Structures are given as structure tokens and as C-alpha cells.
Amino acid sequence: MNLRPPSTTPDPEPTQLRFQVSLNEEHAFLTIALENRTELDLGERVHHYSLLTLARRRLDDARHGVDPSCQGWIEVAHLARMLGIDPTHLNIQLFRARSQIARALPPGTQLPSLIERRRGELRLGALPFQIMRGSRLEGSVVPGREPA
């Protein structure tokens, strides 16, 4: 049996989505913090608000003790109504979000699934995220840990 001594270097921080939303909810920004401590500022985009809404749903479920496999699921039509858009426009926004993130990532870098889908429903994938509203932490989730 080959035993290795415990590592003295800390595990790298997982990739994290960092949402910043204005107090009036009119401006939504997204930054991706990569494991190597690089930050990708994706700026302000309309589609970031759709992702933020999905993150808030997952955060709310986590705070209420919902099993992680069930956290964050929402019907596509319900989410579209919440956002004041039709389901087709919602799908376009989610496509734009995935495309923007894919273009911003360094070559060879992949994130776990940003959006998970099942019949008629979707949710934000199992990515760590943080939501700042104004200068205050609204909440954060790291899968497998208690939400903040």
C-alpha cells in the first residue's frame, strides 16, 4: 500500500459565479472566479438577471433545507412569467449566457453544466455562487455546504 502524506497546500477554490445586482434590481453584473484565482468580468447583461433569478431560487431552496438534488427547479413558463418575457425569449437569454461564458473562459477550461434541464423545468447547475445586492451579501451557495 502506497500512502502519501497529507497535502500542505490548500485545495483550490472551486469556480464560482459572482452576481452583483443593484438595489433597484435594474442592473445585473456577473463575474466568474476561476480556480486559479483569475476573475472574468462579464459585465452587465440582461441575461445575467435570468441566471440571478435561477440562483436565488436555488439559494432559497437550500436555506429551506430542500434536498440538493431537488434544489432550484422551476417551470420554464413560470420563470418566464416572473421575468416578464415569453419562454422563447427566456431560452434565447440562456443561450446568450452560456455562449458569453464559453467565449470568456480560457481555452481548455470547462464549467459544470450552467443550466440543467428536465421536462418543462430548469435550474442553475451545481456551481458555487454568491449574490451581492448593493454592498451586502444576499447569500451564497457552495454545493455540499450550508448556504450563507
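The values are calculated or read from the model by the stated rules, or taken from the named source; none is laboratory data. Since this is a predicted model, take the numbers as computed values, not measurements. Methodologically, a virtual Cβ is constructed for each residue, glycine included, from the backbone with ideal geometry; neighbour enumeration extends over all protein chains shown.
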Requested in this report: Give me the pairs, please: first residue somewhere in region 67-82 and touching a residue at least 40 places away in the same chain (Cβ under 8 Å), second residue anywhere and exposed (fewer than 13 other Cβ atoms within 10 Å of the Cβ) and in a loop (DSSP other than H, G, I, E, B), beta-carbon distance under 7 Å, and either six or more positions apart or on two chains.
Outcome: Glu75/Gly120; Val76/Gly120
Report summary line: Checking Leu79, Leu42, Leu51, Leu127 in turn, the sole residue that is surrounded by 17 or more Cβ atoms within 10 Å (Cβ to Cβ), modelled with pLDDT under 95 and within 16 Å of the chain's Cα centre (by Cα) turns out to be Leu127
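Limited to region 83-93, what total is found for residues that are over 18 Å from the mean Cα position of the chain (by Cα) and assigned to a helix (DSSP H, G or I)?
Filtering region 83-93 for residues over 18 Å from the mean Cα position of the chain (by Cα) gives 84-89.
This time we only want the ones that are assigned to a helix (DSSP H, G or I), so: 87-89.
The total comes to 3.
Select from region 93-124 the residues that are basic (Lys, Arg), loosely packed, with under 15 Cβ neighbours inside 10 Å and closer than 20 Å to Trp73 by Cα and list them in ascending order. Walk me through how you get there before you give the answer.
Initial filter on region 93-124 (basic (Lys, Arg)): 96, 98, 103, 117-119, 123.
Going one step further and asking which of them are loosely packed, with under 15 Cβ neighbours inside 10 Å, we end up with 103, 117-119.
Matches in region 93-124: Arg117, Arg118, Arg119.
Take Arg103 and tell me if it is within 11 Å of the chain's Cα centre (by Cα) and not aliphatic (A, V, I, L, M). Talk me through it step by step, then tell me what you get.
On the way: within 11 Å of the chain's Cα centre (by Cα): no; not aliphatic (A, V, I, L, M): yes.
Spelling it out, it is not the case that Arg103 is within 11 Å of the chain's Cα centre (by Cα) and not aliphatic (A, V, I, L, M).
If you take the residues in region 9-37 that are surrounded by 12 or more Cβ atoms within 10 Å (Cβ to Cβ) and assigned to a loop (DSSP other than H, G, I, E, B), which one is modelled with the lowest pLDDT?
Here is the first cut: in region 9-37, the ones surrounded by 12 or more Cβ atoms within 10 Å (Cβ to Cβ) are 13-22, 27-35.
Retained after the next criterion (residues that are assigned to a loop (DSSP other than H, G, I, E, B)): 13-15, 22, 27, 34-35.
On the way: Glu13: 59, Pro14: 68, Thr15: 85, Ser22: 97, His27: 97, Leu34: 89, Glu35: 82.
My answer is Glu13.
Just need a number here: residues in region 86-97 that are out of contact with any strand residue (DSSP E or B) (no Cβ under 7 Å at 6 or more places or on another chain) and either within 14 Å of Leu51 (Cβ to Cβ) or in contact (Cβ under 8 Å) with a residue 60 or more places away in the chain (or both).
Restricting attention to region 86-97, the residues satisfying the condition of being out of contact with any strand residue (DSSP E or B) (no Cβ under 7 Å at 6 or more places or on another chain) are 86-93, 95-97.
Pick out the ones that are also either within 14 Å of Leu51 (Cβ to Cβ) or in contact (Cβ under 8 Å) with a residue 60 or more places away in the chain (or both) and you get 90-93, 95-97.
Count: 7.
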Query raised in the report: Among all residue pairs at least 6 apart or on different chains, which show Cβ distances below 7 Å where the first residue, located in region 105-132, is touching a residue at least 12 places away in the same chain (Cβ under 8 Å) and on the phi > 0 side of the Ramachandran plot and the second is hydrophobic (A, V, I, L, M, F, W, C) and crowded, with 16+ Cβ neighbours inside 10 Å?
Result: Gly120/Val76
